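The values are calculated or read from the model by the stated rules, or taken from the named source; none is laboratory data. Quick caveat, the model's predicted, so the values are computed rather than measured. With ideal geometry, Cβ positions are generated from the backbone for all residues, glycine too; neighbour counts draw on all protein chains shown.
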Amino acid sequence: MVKNNFLKRINKYILMYLGLAIVFFFILIAIFAPFIATHNPTDINLANVLAEPSKTHFFGTDELGRDVFSRVIYGTRISIFVGFVAVGISVIIGLFFGLVSGYFGGLVDTLIMRFVDIMLCFPAFFLILAVITFLEPSVTNVMVVIGLTSWMGVTRLVRAETLSIKTRDFVTAAKLQNISNVKILVKHILPNVITPVFVAATLGVAGAILTESALSFLGLGVQPPTPSWGNILTAGKDNITFAWWLSVFPGLAIFITVLGYNLLGEGLRDLLDPKISKK
Amino acid sequence: MTPKNYFILILIIATITVIGCTDKNGESENANKNVTENKSIPKQTSNSNTDDSQQDKPFGDIIFEGSIGDASNLIPILSTDSVSHQIASHIYNGLLKYDKNLKLTGDLAKSWELSNDKKSITFHLKKGVKWHDGKIFNADDVKFTYETIIDDSTPTAYDSDFRIIDNITIIDDYTIRVNYQKPFAPALNSWTMSILPKHLLENVKITESSLQRNPIGTGSYEFVKWNPGESITLKANKSYFDGRPNIAKYVLKIIPDSTTMFMELLKGNLDFMSLTPLQYSKQTNTPKFKDNFEKYTYLSNSYSYIGYNLRNELFKDKRVRQALTYATPKEKIIESVLFGEGHVATGPYKPDSFWYNPDVKRYEYNLEKAKELLTEAGWEDSDNNGYLDKNGREFSFTLMTNQGNSNRAKIAEIVQENWKKLGIKVKIRIMEWATLINEYIDKRNFDALVMGWSIPLEPDLYDVWHSSKCSGKNLNFICYENDELDKIIEKARLTFDQDKRRKLYYKAQEILAEDQPYTFLYVPNALVALHKRFKGVEPAPAGLMYNFEDWYVPENLRKYSLTQ
Amino acid sequence: MLPLLIGITLISFAVIHLTPGDPTQLMTSMNPNASSEVSERLIKLYHLDKPIHIQYWEWLKNIAVLDFGESFALDGQSVMEKIKHRIPYTIYLNIMSMILIFIIALPLGILNAYYKDSFFDKTSTVFVFIGFAVPTFWLALLCMYFFGIKLGWLPISGLMSYNFENMTLLGKIGDIAKHSVLPVGVSVFGSLAGISRYARNSMLDVLNNDYVLAAKARGLPEKTVIFKHALKNALLPIITIIGLSIPGLIGGSVIFESIFSIPGMGQLFYQSVMMRDYPVVMGILVIGAVLTLLGNLIADILYAIVDPRIRYGKK
């Protein structure tokens, strides 16, 4: 495998940049949705249902004559919002448990890690499904429940990092100075564990978006008329052979976004992991 | 169906729509189906003489039907879902049944008579009827079935019509008399209930009986096997008292996703399934489909409505309710939600039924009229914020429906948009079924609902519309109270004469149309596809399946050959 | 192990009992007439009149002997009967998927690591992530339509043909295999990313280890280095991750089994959740988690088998 090193360097992170571009592209769409959308996403037009893509309706219309393009654009907001908040919740819980567990060790550590082990045994989708049904499917519940069932990975990650960092000199030095544990955790350890967490979070967003779409498939995701990619795609499912535009566009949106977050996350991992990037 | 079982019936709808939450057309799946006169029904070129002797028709082949949900319990008095009843209808018989024109006719009973005081019915049973295990059926089985239903330890939902029976006397093995405490018109209907085998159930707890999963009846088909979640197989009962059926096997295949089911139909693995309006109108017009399948459409036994909580100040004025109905584009809703496959509903009966009153007040879509009515009722936009108000209260409310039924969600979105034009702010809430029932409907804690009822063959309106049924888990949950209507309903229950009874229900429909406690939306069509090799199919007011025993496959068209 | 099991039951119990709503409510509302009798029976059966910790204790005592109670559905079946009937489907599909994922993802990840940053690395990275990023139900439906109807090559749903029972043994195997292609294929495609990326990273880790570099320095052939020294060490963490991926696969079976009409545990779970059949929901939660636990146990055993120290010890 003799390869030109120079080309390799240019090439090396191309997928990560692609991912980054995708992620930014969709964040911009979410922010500027009102300016990009050509129609009101919830405006019903019964005179024009299931119209094919055209100049006025770029992505066609759905079963109630709503503009699919505008719905996908606004759906970006909901889907990304769901992804971010769900991951935010899981990261906060994960950071807290991970830091405490790794830093203090002992019984606390054992208890937390046992809890993590137990939670990891459950098919997360089963738990999500049960809780969402017993509560009520809504944007808030979907986000919270996804968040509450996906913090275990972050916890393990943070704990492992914390364990290795707490033996380093600067932590020992801080301890000797009688700096409070909380301060050490926040000032010295947190900044050092945040990078891998960031990678995990990036991948987590992708997972959350997919989970929402799977819930939507079962009718338990974000409820219409609020457009989310998941529920637009699900509405298009029954027309998959007939009105292809109803499923293809939201499907592509999910697919490209999830791909983007994954490429970004994986690229970052390569970039930030000293062992791997050394090669 | 007994009148008090409306509730069970909505649950039937709910089970279908909730379990198969991909089912876009939950309302259209009901056991008994009627045919609209003005809908195009493919003419069958079969030798439609019903007197054809069975032996002329070839015996063989299998029919595969697709179903979203599985059955739950094959002792029909214990189950409330439509799939179980559908299967049970092939396996068991009642004393009576509805014929193709929805007239009551004998099934296990060859005739019956009513006493002069209308308080007792005498049934003369058919002789020589055998249970599938070879035992002879007689009057003991009928009495046993009655005793089982009213037994307090039997968890059945169908007991109330039997509890008003004073006693049952066996006159001889094939004659049985039922004495009622008072005349009760819906009583006859209750004898369409499946009769159970005494010799197999008498010494076991019914909830522990193996018949729940391996039923034995007197019906035209015998139970073969049930693979939970996969399929239920029945085979022709060759010694059926009404002549053996022609199709050798009946298989119900359970496919929870409607898109998958449709693909299985296209692939030829299913012969018979309900179509969604979308499939019916858009996806079944290819030449290949038309070569293989016949499509049928007929009015289903259900209607959709928007119900208003009449305990809520907003809806107490009937002009407000009339205005809301005027602002509901029923035709447009049928057009877009059902792709035109439905009829405007004006009351609780089907447009093609004997009880339906065609001359009630109709509310054609008219926003101007609606606005006038609201102004009359005192609703004005006095603070110019775009929404109506009255005495400082804004006209805004929440419209709820259950999740898993996309038609209802769409209806909610459409009326929300239309009522907004009147200056009414509507918030939509879509909720999981059990939560909606337990937390909102049962506690009367709602403003308005998009819901559906099944329409039973027995026309009694007592449970849904009588003012005494407004509390607790009763079905008049909108609390409609109208003395005049109460009296009509009570009188109709005592009236056996069909024409007199109809007059009463005509009046009832006029009252409901004027008062608009519901905005009646539509009666959807049942839409089905059936493989063309099946002959002898004759759509009638009773639907399609009523003469299933007479269907047959000509030998040259046979698809499956049986080794047995 | 025991604390884990108890924790599993505790969480399964909590999910049901800490969410709003009375478990008997649905039963009674389905059955207005028999309501009091039925609900009394249920209250007695599940000790719902007692404090919550006693309810838990009673339930725990029962499940210790594998008695998960009776389903709320009106079919008179016990939870165990229901699950017993359904679980083979789910296990079969998941094991097939796991084996295939292992066979495909592992070499892929290793080659990716070996040819890191090459064109091959990049295309296969994108390929596995496409699998991950496509909503599975969408892909499944497209495949069903394309392979099942357009081309007519494969059956669409179910795991067996209707006339399965009359087939020869070979026919039976062929039939199941044909039916498995789509569900297993879609499931595998969606799960390649996880394992192959993990394998790649794990391999990269190992390749950068001193002993591998040392082996290279000694002038051992590249292949020997990779396959003899590096691979074994890279396998270890991968085996663990396979154990960890079981819950994801089981969870995904809800979607697969619904689309492909496979009467497995995922489908049963979804239906039970929708009907609020609490005993079944709790039963499946426990059994699903226990399956994962077993999977992890198997992974641990494999780990021991592959562990180089043990291997070297044998030599």
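Brief remarks on what is shown
- Those helices (runs of 4 or more DSSP H) of segment A:164-279 in which 3 or more residues are within 30 Å of B:Thr401 (Cα to Cα), away from chain C (no Cβ under 14 Å) and touching a Phe, Trp or Tyr at 6+ places or on another chain (Cβ under 6 Å) are absent.
- Any hit, segment A:15-22, residues being modelled with pLDDT of 85 or more and of a type outside the set (A, V, I, L, M, F, W, C): yes
- Among the residues making up segment B:465-474, a single one is touching a Pro at 6+ places or on another chain (Cβ under 9 Å), modelled with pLDDT under 90 and crowded, with 17+ Cβ neighbours inside 10 Å: B:Asn474.
- Verdict on C:Met160 being assigned by TED's automatic domain parsing to the domain that holds C:Gln267 and in contact (Cβ under 8 Å) with a residue 12 or more places away in the chain: yes
- Count of segment C:130-173 residues which are touching a Phe, Trp or Tyr at 6+ places or on another chain (Cβ under 7 Å) and among the aromatic types (Phe, Trp, Tyr): 3
- If the condition is being aliphatic (A, V, I, L, M), more than 21 Å from B:Ile437 (Cβ to Cβ) and not in a helix (DSSP H, G or I), then segment B:499-524 contributes only B:Val523.
- Just one of the listed residues (C:Val188, C:Val254) is more than 13 Å from chain A (Cβ to nearest Cβ), under 24 Å from C:Val290 (Cα atoms) and either in contact with a helix residue (DSSP H, G or I) (Cβ under 6 Å, 6 or more places away or on another chain) or polar (S, T, N, Q) (or both), namely C:Val188.
- Every residue from segment B:531-554 that is crowded, with 21+ Cβ neighbours inside 10 Å and part of a strand (DSSP E or B): B:Gly543, B:Tyr552
- Candidates C:Leu10, C:Leu18, C:Leu4 - the one that is touching a Cys at 6+ places or on another chain (Cβ under 9 Å) and either within 11 Å of chain A (Cβ to nearest Cβ) or modelled with pLDDT of 70 or more (or both): C:Leu4
- The single condition among (1) within 10 Å of another protein chain (Cβ to nearest Cβ); (2) surrounded by fewer than 22 Cβ atoms within 10 Å (Cβ to Cβ) that A:Gly106 does not satisfy is (1).
- Lone unmet requirement of (1) within 20 Å of A:Val193 (Cα to Cα); (2) without any contact (Cβ under 8 Å) to a residue 24 or more places away in the chain; (3) touching a Gly at 6+ places or on another chain (Cβ under 8 Å) for A:Val91: (2)
- Qualifying residue in segment B:212-224 (condition: among the β-branched types (Val, Ile, Thr) and in a loop (DSSP other than H, G, I, E, B)): yes
- Looking at B:Phe496, B:Phe477, just one residue is surrounded by 22 or more Cβ atoms within 10 Å (Cβ to Cβ) and assigned to a loop (DSSP other than H, G, I, E, B), and that residue is B:Phe477.
- Leading residue by the ranking (nearest to B:Ala187 (Cα to Cα)) among those in segment B:82-105 that are over 15 Å from the mean Cα position of the chain (by Cα) and among the polar types (S, T, N, Q): B:Thr105
- None of C:Pro263, C:Pro279 is part of a loop (DSSP other than H, G, I, E, B) and either aromatic (Phe, Trp, Tyr) or over 24 Å from A:Ala208 (Cα atoms) (or both) except C:Pro263.
- Lone qualifier among C:Leu268, C:Leu204, C:Leu235, C:Leu244 - being in a helix (DSSP H, G or I) and within 14 Å of the chain's Cα centre (by Cα): C:Leu244
- Picking from residues in segment A:167-193 that are among the hydrophobic types (A, V, I, L, M, F, W, C) and exposed (fewer than 11 other Cβ atoms within 10 Å of the Cβ), the one that is farthest from A:Leu95 (Cα to Cα) is A:Leu176.
- B:Val224 in contact (Cβ under 8 Å) with a residue 12 or more places away in the chain, surrounded by fewer than 22 Cβ atoms within 10 Å (Cβ to Cβ) and hydrophobic (A, V, I, L, M, F, W, C): yes
- Among (1) of a type in the set (Phe, Trp, Tyr); (2) closer than 21 Å to B:Tyr560 by Cα; (3) within 11 Å of chain A (Cβ to nearest Cβ) - the single one C:Phe164 does not satisfy: (3)
- Test result for B:Gly229, assigned to a loop (DSSP other than H, G, I, E, B) and on the phi > 0 side of the Ramachandran plot: yes
- Filter pass, B:Arg429 being farther than 21 Å from B:Ala323 by Cα, touching a residue at least 12 places away in the same chain (Cβ under 8 Å), out of contact with any Pro (no Cβ under 7 Å at 6 or more places or on another chain) and away from every other protein chain (no Cβ under 12 Å): no
- Test: B:Asp447 is modelled with pLDDT under 85, surrounded by fewer than 21 Cβ atoms within 10 Å (Cβ to Cβ) and closer than 29 Å to A:Leu135 by Cβ: no
- Entirely in segment B:104-198, the helices (runs of 4 or more DSSP H) that have 3 or more residues that are surrounded by fewer than 20 Cβ atoms within 10 Å (Cβ to Cβ): B:139-150
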